[in-house]
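So the structure is just underneath, and the comments pick up after that.
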Amino acid sequence: MNDFADDNVINPPRPNGPPQSMIEPIVDTQIKTWDEIKTTTCYMCACRCGIRVYLKDGTVKYIDGNRAHPVNKGVICGKGAAGIMQHYSPARLSKPLLRVGERGSGEFREIEWEEALRTATMWLSEVRNIDPKKLAFFTGRDQSQGLTGWWAAQFGTPNYAAHGGFCSVNMAAAGLYTFGGSFWEFGEPDWKHTKYFLLFGVAEDHASNPLKAGMGKLKARGAKIVSLNPIRTGYSAIADEWIGIRPGTDGLFVGALIHELLSAQKIDGEYLLRYTNSPWLVIESEGAAGDGLFARNAQGSALVWDAHSGTPMPALSPDAEPKLMGRFTLPDGRRVVTSFQLIAERFLAAEHSPDAVAARCGVPAATIKRIAAELARTAFEEQIELDIPWTDYAGRFHAKTVGRPVSMHAMRGISAHANGFQTCRAIHLLQIILGTIDVPGGFRYKAPFPKPSPPGVKPAGKPGQVKPNTPLPGPPLGFVTSPEDLLICEEGKPQRIDKAYSWEAPLAAHGLMHMVITNAAKRDPYGIDVLFMYMANMSWNSAMNVPDTLKYLIAKDEKTGEYMIPKIIYSDAYASEMVHYADLILPDTTYLERWDCISLLDRPISEADGPADSIRQPVVEPERDVRPFQSVLLDLGARLGLPGMTRLDGLPRYPGGYADYIVNHERAPGIGPLAGFRGPNGKAQGRGTPNPEQLQRYIDNGCHWFYELPDHMKYYRHVNWAYLDWATFFGFLARPEPVIHQLYSEPLQKFRLAARGHGKIVPPAEHRKRIETHFDPIPFWYPPFEGEMVSEEDFPLHAVTQRPMAMYHSWGSQNAWLRQILGRNWLYMAREQAVRLGIGEGDWVNVISHHGAIKGQAKLMDGQNPETVWTWNAIGKRTNSWGLAADAPESKKGFLLNHLISELLPEREGGYRYSNSDPITGQAAWYDLRVRVERAEDQSAVSAPQFGKLKKQRRA
Ligand code: SF4
């Protein structure tokens, strides 16, 4: 106890002491401000750290990190600690709402839940009775896609996806089609052993505590961190080397690294021969239907050329001694070549040399050469050997686990470019030729990965599979491997509202959410009856082309006077901009008021050392008339009579809501949303009957479960016999078969052959060139589309956003603490560029694209690519949204680049406009934006455009 505690005075005056301002405040840190602590899982960003919530008299007083949690081990970031302000946000919705005025007017009446649920059931059942695909059900950055995707399949609509299509699906797909894993939360660098870490851009609001902690470990060990990013903020600022690459050219840079490594013969030949399809034989038969496919035996096994016998042998035969390079003739006379020969021929070409790409990347050739040499030296001269014996799929015993300590990580900006899929494939090629996937020091999978490459599940929703009152025969999202898997009709037209899995975006593993409103309003390819969305701010920062999106949302059919999108149901916890454009609003709880599961069936929180999952428990009761969306969804499912949600006697299958579902739902016998504490006594892991005590066991364990793999299963899991067996038992794999890295992608070649007219399903003529060009089975670089379609003279600069660490999507701008860190945004420009354009610090500037213009305030900075301007993502807000005051800086000074970005590319010959997306996966190409910047004549301190004020929704 301090001297002044009894006086209850902090910093009392001291007559002879130093001035008051120099005296440290005396704070009693021992006062107990809580009467209870509950554990749960943070939802202030996507990392899903374990937190402890301190409560007093049922109110939240404080949040800190859970030290026993596998994800964050006690670390809490600013966002996580500010969760208290999210929970008590003035933007919280408090009651179901039904629109009474014109859509977009913000005129609602409060209704009771029974009326809300009856209305939703009526709207939805009308659709399901006639044509279930007339429901488009899309969710934003929720964490319950295991449930929502299953619900959509039970409803019978193929028109389902979460936000992945405008986030990073091209990268996820590139990984899954290449090595059965992916960057982002599906794997991580081996933080303990890596010595060289190459970071290709990252969304710093998403990849938060785990990446910070990991990079901290690297710093402590003296490992080198190299960051490629046009902007030097966040992780780039603490990297040992920052490379301010020009947006959209990462693939060129990586290709040059591969060129250098191949030229110096610095590749891991053994890894390539044993664990990749590098030695598989590709048919060379120009113009024939089989050209570019793998040569296979009668049993369908791909073949390699056996050096010992000089004959073809099955690729996975343990007796084969495959040749890595070369051209051969099969006994039937066909000419074949190894995959790696083709890869080497491509990347050894002069066009991939550092000198050839340097100017376009904005990176000196000498830097590229040096980075390649550093990678090679670290990988091959600093090899790691762990005393861990293991056995590979072919029965080969390895006395040690050998690794090459180079690791990589990527997310944005690669993902936000139209060339992101092939660029990410090139990064994986670089990792794999160095032999660094799932090895000590390299990039490590997180369970349930590795999956087969690509995963075997196919999307449902072909013609004939969508029927009234009938579930889909499979999930709406999956992985196509040939044109036969596409969701198109006989004329080749898309079957989904977003045109996913059509010739426009054949490998759209997560849909194209950014196209739903545009397509629905234009009835292209058809109209829908109900748009049902959750946590997706599609009328603002999640929309490309905000002005037109707002028009589409209120557009009416001239003949009938009905809205082109007749009914919009929306669920959110907060009064976002989207709320104003819905007809029926189902208010959600905050993350501290509900049950949730972070499931291995969805996007888990696994560690590289083993699988993990976790729950959220309601740590406080809502004092508003709100319900957790997941329970509402199950309730609606039961009211609609969806088979999975209704018992044979017609009663709800999960009357206890989402908590009931989490415990009792089984996706396959013994496999449910949570893997821990299963079986009658709670001792089963992974597979086991439902355990009624499961949630309590999670709570007793700090709301998480983690299973650490034994050492011999921690590496080389794609080819590790013991792991593959174990993963099959656990339900991660259907069969204990090796996941051979697909450097040469046969599924892509099948699409290319279709574009050349081979097979029963071929693209319409207008799509053929695009498919043939981009579905190259070997990674390649092509310029981002927008830059190619507009004049460089008119739009000389790139414009991108960065994700601030202190925010997450649009959510942070309602948070009283986080707003103090970033209450508005600026347009950042390279100092020399600004000077050249006559723009000074603090000037208001117009930013103009081929699609629109905005006005924002400039700040000048040194650490950025000179051809690029940028701003913080999603800070600008529409007046009166998110519970903000009408003169909030987010509305008056903040702005969005979204207004400049078109969801459609400029017209091509024939007038057709493709979506502004990666042509392979449909991923939104946010960062392909090209602009020019001019000092604004109007220097008034207000950003533009200013859309009309929204009507304020009632405060909680
Ligand atoms: S990193 Fe994300 S999940 Fe972890 S504490 Fe911060 S906001 Fe929460």
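The values are calculated or read from the model by the stated rules, or taken from the named source; none is laboratory data. Every value quoted in this text rests on a predicted model; they were computed, and no experiment measured them. Note that we place each Cβ from the backbone using ideal geometry, even for glycine, and neighbour counts take in every protein chain shown.
Could you check the stretch 58-131 for helices (runs of 4 or more DSSP H) lying wholly inside it with 3 or more residues that are in contact (Cβ under 8 Å) with a residue 60 or more places away in the chain and away from the ligand (no atom under 13 Å from the Cβ)?
In the stretch 58-131, 113-130 are the helices (runs of 4 or more DSSP H) which contain 3 or more residues that are in contact (Cβ under 8 Å) with a residue 60 or more places away in the chain and away from the ligand (no atom under 13 Å from the Cβ).
Evaluate the following for T139: is it of a type in the set (S, T, N, Q) and within 22 Å of E577 (Cβ to Cβ)?
On the way: of a type in the set (S, T, N, Q): yes; within 22 Å of E577 (Cβ to Cβ): yes.
Answer is yes for this residue.
Could you tell me which of the residues G222, G216, G234 is within 30 Å of N865 (Cβ to Cβ), within 16 Å of the ligand (Cβ to nearest atom), without any contact (Cβ under 8 Å) to a residue 24 or more places away in the chain and not aromatic (F, W, Y)? Before the answer, list the steps.
Numbers: G222 fails: within 16 Å of the ligand (Cβ to nearest atom); G234 fails: without any contact (Cβ under 8 Å) to a residue 24 or more places away in the chain.
Unique residue meeting the criteria: G216.
What pairs come out if I take residues in the stretch 520-533 that are part of a helix (DSSP H, G or I) and pair them with residues that are of a type in the set (V, I, T) whose C-beta lies under 7 Å away, six or more apart or interchain?
A520/I497; A520/I528; A520/I565; A521/I565
Could you check the stretch 359-383 and list, in sequence order, the residues that are β-branched (V, I, T) and buried (at least 19 other Cβ atoms within 10 Å of the Cβ)?
Matches in the stretch 359-383: V363, I368, I371, T378.
Is it the case that the stretch 180-192 has a residue that's within 21 Å of I371 (Cβ to Cβ), modelled with pLDDT under 95, among the hydrophobic types (A, V, I, L, M, F, W, C) and away from the ligand (no atom under 16 Å from the Cβ)?
yes
Run down L262, L198, L293, L252 and say which single residue is surrounded by 23 or more Cβ atoms within 10 Å (Cβ to Cβ), over 22 Å from the mean Cα position of the chain (by Cα) and at pLDDT 95 or above. Break it down into steps so the answer makes sense when it comes.
Details: L262 fails: surrounded by 23 or more Cβ atoms within 10 Å (Cβ to Cβ); L198 fails: over 22 Å from the mean Cα position of the chain (by Cα); L293 fails: surrounded by 23 or more Cβ atoms within 10 Å (Cβ to Cβ).
That would be L252, the only listed residue that is surrounded by 23 or more Cβ atoms within 10 Å (Cβ to Cβ), over 22 Å from the mean Cα position of the chain (by Cα) and at pLDDT 95 or above.
Can you pull out every residue in the stretch 437-475 that is among the charged types (D, E, K, R) and assigned to a loop (DSSP other than H, G, I, E, B)?
D438, K446, K451, K458, K462, K467, listed by residue number.
Here is a list of conditions, (1) on the phi < 0 side of the Ramachandran plot; (2) under 29 Å from the mean Cα position of the chain (by Cα); (3) of a type in the set (G, A, S), and A638 meets all of them except one; can you say which number that is?
(2)
For the stretch 391-407, which residues satisfy the criterion of being surrounded by fewer than 24 Cβ atoms within 10 Å (Cβ to Cβ), part of a strand (DSSP E or B) and not hydroxyl-bearing (S, T, Y)?
Of everything in the stretch 391-407, those that are surrounded by fewer than 24 Cβ atoms within 10 Å (Cβ to Cβ), part of a strand (DSSP E or B) and not hydroxyl-bearing (S, T, Y) turn out to be D392, F397, H398, V402.
Helices (runs of 4 or more DSSP H) wholly in the stretch 307-390 with at least 2 residues that are among the small types (G, A, S) and closer than 27 Å to N720 by Cβ - which ones? Let's see the steps before the verdict.
Working: elements: 339-348, 354-361, 365-381.
In the stretch 307-390, 365-381 are the helices (runs of 4 or more DSSP H) which contain 2 or more residues that are among the small types (G, A, S) and closer than 27 Å to N720 by Cβ.
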